[in-house]
Amino acid sequence: MSKNIDWSNLGFGYIETDKRFVSNYKDGAWDEGALIDDPMVTMSECACVLQYAQTCFEGLKAYTTEDGRIVCFRPDLNAQRMADTCKRLEMPEFPEDRFVQAVVDTVKANADYVPPFGSGATLYIRPYMFGSNAVIGVKPADEYQFRVFTTPVGPYFKGGAKPIVIRVSDFDRAAPHGTGHIKAGLNYAMSLHAIVDAHDKGYAENMYLDAATRTKVEETGGANFIFITKDGKLVTPKSDSILPSITRRSLMVVAEKYLGMTVEHREVYFDEVKDFAECGLCGTAAVISPVGRIDDHGKEICFPSGMDEMGPVTKKLYDTLTGIQMGKIEAPEGWIKEIK
Ligand code: PLP
Ligand code: COI
């Protein structure tokens, strides 16, 4: 039985659901793990995660299809990306097949919280891992916890598909050869001041430029950029210091194979941005959120698609991607994982 939740008015917030998956790593091995009821975490006051921020996470969603199945989108890529993150943070990898199984089991156990088809809401899935034993010298933990919880969510940005206004940030997100390409909690800790400051000034997000030269577009705090040229190409920034978004990688395929568009994955200079016809943020939480205007220290870049609705090409990408995710459009082989 679906829970009594006002699905259509959900924002992007945390709502506790019934079950979460937990597995502990000790003496060099992961235990078999279990679904548990307790949403609280208890650990040492000196846990590596609390002192040195040794933590990472993933994010994906489960959807109800029109014919009532529950599915999720490319969980194998989240498993892979978490393994890459763990290597960089000296954390033990959670085996990729077990990651996918844990996602499936957790969603199944919380099936009543998967929003109905057409409600505009989805079940957000948050796998994460942290160093849990006491560490006071700067070194990695020996013990870890891997967990997966779920929470029903609506749109990440208020107003859903309404174009947002963002600003060019004076703060940097990621250093060359740093940790921008992995999903480490520390990347988000350092973005909190920048996002609070942006919100205070009326902006929905920050556009980060490359830290070395401040001439190239990187990403926002929680999504990659897509741009549409005036002749209908998809352009999306390539950089070693941005998160390899699964949504962005999927959109590149959707654009080329489903919509017959030319796709350019390359360095994008900030100077070029004023010449694009449409701009959007893409990610699991953001889906595709259209950007209507970018403020750069008093100079405004206003996209021809305007402030009222998504640009026409962005809309086509959005409809095709979400159509695939919700089972209305046939997905490429292996993109949809059946849960129930
Ligand atoms: N970039 C950042 C910094 C993110 O936090 C996210 C969210 O996961 C993304 C991009 C989008 O990645 P994905 O499409 O895999 O959700
Ligand atoms: C996601 O899209 O899953 C993320 O992790 C982004 C975060 C800002 C919510």
Restricting the search to region 273-296, which residues are more than 16 Å from ligand 1 (Cβ to nearest atom), within 18 Å of Glu218 (Cβ to Cβ) and touching a Ser or Thr at 6+ places or on another chain (Cβ under 9 Å)?
Phe276
What tally of residues in region 153-208 results from selecting those that are closer than 30 Å to Phe117 by Cα, open to solvent by 20 Å² or more (accessible area, probe 1.4 Å) and within 13 Å of ligand 1 (Cβ to nearest atom)?
2
Tell me, please, whether a residue that is on the phi > 0 side of the Ramachandran plot and away from ligand 1 (no atom under 11 Å from the Cβ) can be found in region 245-263.
yes
Just the residues that are part of a helix (DSSP H, G or I), open to solvent by less than 20 Å² (accessible area, probe 1.4 Å) and either touching a helix residue (DSSP H, G or I) at 6+ places or on another chain (Cβ under 6 Å) or touching a residue at least 12 places away in the same chain (Cβ under 8 Å) (or both), please, taken from region 305-326.
Thr314, Leu317, Thr320, Leu321, Ile324, Gln325
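Restricting attention to region 140-184, which residues are out of contact with any Cys (no Cβ under 8 Å at 6 or more places or on another chain) and of a type in the set (D, E, K, R)?
From region 140-184, those out of contact with any Cys (no Cβ under 8 Å at 6 or more places or on another chain) are 142-181; that's our starting set.
Scanning region 140-184 gives Asp142, Glu143, Arg147, Lys158, Lys162, Arg167, Asp170, Asp172, Arg173.
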Here the residues within region 206-242 that are out of contact with any Lys or Arg (no Cβ under 9 Å at 6 or more places or on another chain) and either closer than 14 Å to Asn187 by Cβ or not in a strand (DSSP E or B) (or both) are Ala212, Thr213, Arg214, Thr215, Gly222, Thr229, Lys230, Asp231, Gly232, Lys233, Asp240
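Select, from Ala211, Ala189, Ala223, the only residue that is within 13 Å of ligand 2 (Cβ to nearest atom) and either touching a Ser or Thr at 6+ places or on another chain (Cβ under 9 Å) or at pLDDT below 95 (or both).
Numbers: Ala211 fails: within 13 Å of ligand 2 (Cβ to nearest atom); Ala189 fails: either touching a Ser or Thr at 6+ places or on another chain (Cβ under 9 Å) or at pLDDT below 95 (or both).
On inspection, the qualifying residue turns out to be Ala223.
Is at least one residue of region 255-275 within 16 Å of ligand 2 (Cβ to nearest atom) and either open to solvent by less than 40 Å² (accessible area, probe 1.4 Å) or acidic (Asp, Glu) (or both)?
Our first condition is that a residue be within 16 Å of ligand 2 (Cβ to nearest atom); within region 255-275, this holds for none.
For region 255-275, residues within 16 Å of ligand 2 (Cβ to nearest atom) and either open to solvent by less than 40 Å² (accessible area, probe 1.4 Å) or acidic (Asp, Glu) (or both): absent.
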Regarding region 45-66, can at least one residue be identified that is open to solvent by 40 Å² or more (accessible area, probe 1.4 Å), in contact with a Ser or Thr (Cβ under 9 Å, 6 or more places away or on another chain) and either more than 16 Å from ligand 1 (Cβ to nearest atom) or in contact (Cβ under 8 Å) with a residue 60 or more places away in the chain (or both)?
yes
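The values are calculated or read from the model by the stated rules, or taken from the named source; none is laboratory data. Because the structure is a prediction, the values reported are computed rather than measured. Cβ coordinates were reconstructed from backbone atoms using ideal geometry, including for glycine residues, and neighbour counts include every protein chain displayed. These area figures cover heavy atoms from the full protein model, side chains too; ligands, DNA and RNA do not enter into them. Shrake-Rupley method; radii C 1.70, N 1.55, O 1.52, S 1.80 Å.
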